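Input: a single structure, listed below in structure tokens.
The values are calculated or read from the model by the stated rules, or taken from the named source; none is laboratory data. Computed from a predicted structure; not experimentally measured. Don't worry about glycine lacking a Cβ; one is built from the backbone with ideal geometry, like all the others, and counts go over all protein chains shown. Calculation scope for accessible area: heavy atoms of the full protein, side chains included, ligands and nucleic acids excluded. Shrake-Rupley method; radii C 1.70, N 1.55, O 1.52, S 1.80 Å.
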Amino acid sequence: MGKLGGYAGKILKVDLEQKKIYKEPLSDNMISRFIGGLGINFKLAYDNVQPMEDALGPGNVLLFGAGPFVGTLIQGACKTTVVAKTPVSGFLGITSTGHLGMLKFTGYDNLMVTGKADRPVYLKIDDDVEICDAGDLWGKDTWETTEALWQKLGKQYVVACIGPGGENLAVQASIIVNKYSAYAQSGMGAVMGSKNLKAIAISGSKSINVADPGRFTELIDKAYQQTIGSQKEIISGFRKWGTLGALGPPISEFGPNEYKNYTEIFPADPPIPFPFDRFISEIKIGDISCMGCSIGCKHLIRMLKGENAGNSMAVSCLVGGMHGFAAHCAIEGWENAIRCDELCNRLGMDYLSTGSALSFAIELYREKIIDKTDTEGLELDWGTAEEVQELLRQMASGQGFGKILAEGLIKGPQLIGKNSENYAVHSRGHAVYYDPRRGGVAPDLFSIMLNAEGGRFHSPGWAGGVMTKVFLERHLGMPSDYAEQAIADLEGFGLGRFAKWAEDNATMFDCLGLCQMPMHQQVELSVWAGLYEALTGININGEMLLQAMGRVWDVRRMFNLREGRTRRHDRFIAPRFVSERLVSQNKDYDPVSEEKFDVLLTQYYKERGWDPSEGTVPEARRKALGL
């Protein structure tokens with residue numbers, strides 16, 4: 001293909017065990033089949049992780065990927081992904097953030113870390129690549145580590161690091177970028193810690209080529225009008241509240257707030273302990289944007305409690321902290337919730353999966369399945385902020401009862417015994433955002449229940465308000481007859497079938513390097529394809545982009561099948577969701593029907609072109625991909 005626009009053109013491979021660094025060209029074949037970012041990460045994982053490798057062993061690989069849009073002027077082109085075999089489930093794990101696009105400016109599209117260093121190290125990536133001693137950083141929290149590296153290298157470096165949670169291999173451990181932005185929900189901090197890799201510091205100034213600047217500029221303007229220009233009211237809300245807007249209707253009506261370990265409903269209106277007017281007047285200091293974004297849905301906020309009270313901190317997804325602590329653990333008051341967020345950031349722990357494990361422990365304590373003997377004196381109950389924070393510290397440090405919780409929601413209950421697994425609410429070990437009893441098994445909820453491995457799908461429905469035939473055709477790329485059927489009778493069309501199209505749309509965003517927030521989903525598929533063509537010089541259309549996403553899903557499926565994934569894993573639903581009614585706030589919801597979910601699963605397999613009984617990938621497609 002020659003020199004392409006959009007791509008840096010290289011994969012950086014670092015072998016920590018052998019202390020060797022390799023720089024390899026990103027092949028045209030890899031680009032044409034898997035586009036970039038997440039797709040290329042999946043293929044590299046498949047090619048470089050041996051079957052049944054220990055997720056926390058030296059044979060696992062840690063992959064960072066930046067899609068071709070990252071580093072350009074395209075609105076929302078900020079997302080980089082991290083992929084590895086996750087210690088949470090043993091399958092392929094995914095996570096993303098909007099703050100490590102600097103990788104592209106150093107001349108690399110993907111970074112692959114293999115092996116385990118014989119001592120704590122960090123990577124310094126700029127005009128050169130070095131494996132540096134991190135003995136003085138090991139044991140520090142993420143804020144201390146980042147500040148130490150900024151003092152040593154300069155603040156022009158973007159720093160991605162782990163805290164004590166990652167060092168002690170807690171499966172809830174995140175990788176924290178620049179003290180606040182998290183690669184969360186898939187245990188990637190633990191994978192990084194298992195390699196004795198404390199941090200990655202990146203600074204670059206290389207340029208990104210554009211194949212057709214004139215057309216590229218025109219299409220950027222068109223995409224901007226479809227995102228910012230046509231959605232001023234939505235944008236204004238995101239700028240003011242950020243992700244906190246999800247606490248209220250209409251999103252709250254679909255069950256995203258997992259109150260008291262999914263035993264009750266979190267109030268749909270802003271709850272009294274968290275007055276929003278106080279957030280604006282006293283807590284929020286300013287807004288923060290990801291790379292390539294003019295919206296700024298992240299916040300700079302004032303800490304209200306603890307040794308840092310009065311100082312400021314940045315938060316990437318404040319509603320994630322509300323999920324994890326205000327909802328899961330019933331923590332009340334901005335002071336206590338923000339203090340929990342601060343501890344998570346510093347210790348390098350994920351809000352949601354940590355809160356899910358803590359709420360599991362609280363319910364066990366309340367049900368007298370565990371007691372003070374197990375918790376070493378801690379008395380657990382809903383809203384007990386000091387005890388929750390202490391247990392959080394134990395999880396990150398691998399001490400006390402927290403050490404058991406740090407094993408996650410699959411292994412942790414096995415260690416506890418006493419049928420405690422019935423209280424663990426998860427999807428193959430991963431914490432879940434939604435209660436399907438409330439929202440029903442809609443296409444996006446089906447995807448989260450089926451394919452949650454750290455990555456989260458933002459439903460295209462949130463962007464459009466009401467789905468239309470035109471939206472499905474122009475944005476999801478559905479054939480006209482499919483779109484017409486889906487609009488006329490979605491249940492008759494098949495929620496499982498629909499989920500495939502929604503997933504491919506979301507996966508395209510991750511491969512290109514785009515934010516999945518609702519306003520970006522308003523850009524038509526043909527515009528994204530046109531931008532890719534103008535940027536790279538590769539002839540492509542929307543249909544071809546979606547075909548590439550099918551290949552990306554085939555590779556992901558093949559990796560997981562190789563690791564023993566079966567229909568039994570796919571149809572797993574947390575016991576609480578299928579055996580208990582949800583009765584709260586004068587509302588009564590039925591359990592999820594396992595039989596109906598199984599029907600959706602078969603629909604989904606068929607729509608993906610997989611075997612309808614076990615979801616295996618056809619041999620011809622495996623051979624075409626070289627798998």
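At a glance:
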| item | result |
| --- | --- |
| Verdict on Ser186 being in contact with an Asp or Glu (Cβ under 8 Å, 6 or more places away or on another chain), over 21 Å from Lys19 (Cα atoms) and open to solvent by less than 10 Å² (accessible area, probe 1.4 Å) | yes |
| Some residue of the range 509-529 being farther than 26 Å from Lys232 by Cα and among the polar types (S, T, N, Q) | no |
| Unmet requirement for Leu358, which otherwise passes all of (1) among the aliphatic types (A, V, I, L, M); (2) open to solvent by 10 Å² or more (accessible area, probe 1.4 Å); (3) under 24 Å from Gln185 (Cβ atoms) | (2) |
| Filter result (closer than 19 Å to Phe509 by Cβ and part of a loop (DSSP other than H, G, I, E, B)) within the range 1-47 | Gly6, Tyr7, Ile35, Gly36, Gly37 |
| Enumerated helices (runs of 4 or more DSSP H) restricted to the range 138-231, each holding at least 1 residues that are under 25 Å from Ile301 (Cβ atoms) | 142-153, 164-167, 188-194 |
| Considering residues of the range 114-159 that are touching a helix residue (DSSP H, G or I) at 6+ places or on another chain (Cβ under 9 Å) and of a type in the set (Lys, Arg) only, the residue surrounded by the most Cβ atoms within 10 Å (Cβ to Cβ) | Lys140 |
| Residues being assigned to a strand (DSSP E or B) and open to solvent by less than 30 Å² (accessible area, probe 1.4 Å) - total across the range 85-113 | 10 |
| Any hit, the range 506-519, residues being open to solvent by 10 Å² or more (accessible area, probe 1.4 Å), assigned by TED's automatic domain parsing to the domain that holds Arg556 and modelled with pLDDT of 90 or more | yes |
| Close pairs from the range 332-349: first over 19 Å from Lys179 (Cβ atoms) and surrounded by fewer than 24 Cβ atoms within 10 Å (Cβ to Cβ), partner among the hydrophobic types (A, V, I, L, M, F, W, C) and modelled with pLDDT of 95 or more, Cβ under 6 Å, at least 6 apart | Asn336/Ala385 |
| Odd one out for Thr566 among (1) in contact with an Asp or Glu (Cβ under 6 Å, 6 or more places away or on another chain); (2) surrounded by fewer than 17 Cβ atoms within 10 Å (Cβ to Cβ) | (1) |
| Unique match (being more than 26 Å from the chain's Cα centre (by Cα), surrounded by 12 or more Cβ atoms within 10 Å (Cβ to Cβ) and on the phi < 0 side of the Ramachandran plot) among Ala620, Ala624 | Ala624 |
| Scan of the range 551-577 for residues that are β-branched (Val, Ile, Thr) and outside any helix (DSSP H, G or I), ordered by number | Thr566, Ile573 |
| Condition met for Leu601 (within 25 Å of Phe493 (Cα to Cα), aliphatic (A, V, I, L, M) and open to solvent by less than 50 Å² (accessible area, probe 1.4 Å)) | yes |
| Residues of the range 574-598 that turn out to be touching a residue at least 60 places away in the same chain (Cβ under 8 Å) and open to solvent by less than 40 Å² (accessible area, probe 1.4 Å), as a count | 8 |
| Residue within the range 565-573 that is under 23 Å from Thr97 (Cα atoms) and in contact (Cβ under 8 Å) with a residue 60 or more places away in the chain present | no |
| Those residues of the range 361-379 which are hydrophobic (A, V, I, L, M, F, W, C) and either farther than 20 Å from Gln414 by Cβ or open to solvent by less than 10 Å² (accessible area, probe 1.4 Å) (or both), in sequence order | Ala361, Ile362, Leu364, Ile370, Leu378 |
| Flag if Leu62 is open to solvent by less than 10 Å² (accessible area, probe 1.4 Å) and either over 28 Å from Gly296 (Cβ atoms) or touching a Pro at 6+ places or on another chain (Cβ under 6 Å) (or both) | yes |
| Looking only at the range 407-427, and only at residues there that are touching a Gly at 6+ places or on another chain (Cβ under 6 Å) and among the aliphatic types (A, V, I, L, M), the one that is most open to solvent (accessible area, probe 1.4 Å) | Ile410 |
| Residue match in the range 13-30 (condition: touching a residue at least 24 places away in the same chain (Cβ under 8 Å), farther than 20 Å from Asn451 by Cβ and surrounded by 23 or more Cβ atoms within 10 Å (Cβ to Cβ)) | yes |
| Hits in the range 289-321 (condition: in contact (Cβ under 8 Å) with a residue 40 or more places away in the chain and under 19 Å from Glu332 (Cβ atoms)) | Val315, Leu318, Val319, Gly320 |
| Selected residue [assigned by TED's automatic domain parsing to the domain that holds Tyr157 and closer than 27 Å to His569 by Cβ] from Thr72, Thr106, Thr81 | Thr81 |
| Residues of the range 165-179 classified as touching a Ser or Thr at 6+ places or on another chain (Cβ under 7 Å) and surrounded by 24 or more Cβ atoms within 10 Å (Cβ to Cβ), total | 3 |
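So that you can scan it fast, the table gives a plain yes or no per residue for (1) of a type in the set (Phe, Trp, Tyr); (2) closer than 24 Å to Tyr532 by Cα:
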| site | (1), (2) |
| --- | --- |
| Asn48 | no, no |
| Asp54 | no, no |
| Phe64 | yes, yes |
| Ile94 | no, yes |
| Gly115 | no, no |
| Leu123 | no, no |
| Asp128 | no, no |
| Cys132 | no, no |
